[in-house]
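Questions regarding the structure given below will be posed in turn.
Each value in this text was obtained by applying a stated rule to the coordinates, not by laboratory testing. If you're wondering where the values come from, they're calculated on a predicted model, not measured in any experiment. Methodologically, a virtual Cβ is constructed for each residue, glycine included, from the backbone with ideal geometry; neighbour enumeration extends over all protein chains shown.
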Amino acid sequence: MPTSQDMTTELDPGLLDALQHQVAVFARRAEQTRLGGTGQLRNSMDRAAYLLLNRLDQEGPMGVKALAAGMGIDSSTVTRQVAPLVDTGLVKRTSHPEDGRAVVLQLSPRGLARLEEVRSSRRQLMVEVTEGWTPDERESFCTLLTRFNTALSARQSAHTGGPATESAATSGTAAPAEGRAEGSSESAQTS
């Protein structure tokens, strides 16, 4: 079986250099704009808040440990990131339906409305950024970006010994034609 070093030398080094450069530029541009959307909602929700709200919307109420595991971050980071969301009423703490002693985090109606506003704004940004692309090009880009993020996540989990995180089904990338790839670039996020 060839090693990753063997595969690197078999591939075009110039292409690999161009790829890593474009990924670095993308990361910088994404951070600069925060891929925040358009209009008044531009830069209106930070990455951590968006990813937490999106996961709670996609998967429903869950405890801090499950949320942390699914996002590939530690529980203390989730606790710190969720606190302002609870304080602003976007997330609420409720009793676990099967174990009243346990607490779960749940997206509030206000949180869902806010998330939908941000999603709509981000969809508009994706429309503007990919203006002139065909539907097939958008879908191909989303498929490849999802694949890239999945590979990064698998690599990260292999190095940390944890499970792979932020699957395509839960990161908002399952329906590329709807422009739902807004959370996918964060699948290998660090806190």
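I'd like the GluC sites (Glu not before Pro) in region 113-148 restricted to DSSP loop residues with at most 14 other Cβ atoms within 10 Å, sorted by number. Numbers along the way, then the final one.
Details: sites: Glu116, Glu117, Glu128, Glu131, Glu137, Glu139; in loops: Glu131.
Answer by residue number: Glu131.
To continue, here is another question. Taking H placed 1.01 Å from N in the peptide plane, check which residues at least 5 places from Val103 or on another chain put their amide H under 5 Å from its amide H.
Counting only residues 5 or more places away or on other chains, the set is His96.
Turning to a different aspect of this structure: Can you list the trypsin sites (Lys or Arg not before Pro) in region 95-131 that are in a DSSP coil and have 10 or fewer other beta carbons within 10 angstrom? All intermediate terms of the calculation are to be shown ahead of the outcome.
Numbers: sites: Arg101, Arg110, Arg114, Arg119, Arg122, Arg123; in loops: Arg101.
Answer by residue number: Arg101.
Given the convex hull of the Cα atoms of region 57-133, what is a quarter of its surface area in nm²?
Average of the hull's projected areas for region 57-133 equals 6.4 nm².
Rounded, prolate or oblate: pick one for region 110-157, where a ≥ b ≥ c are the square roots of the eigenvalues of its C-alpha gyration tensor, a/c under 1.5 means rounded, and failing that, prolate if a/b is larger than b/c, else oblate.
Since a/c reaches 1.5 but b/c is at least a/b, the shape of region 110-157 is classed as oblate.
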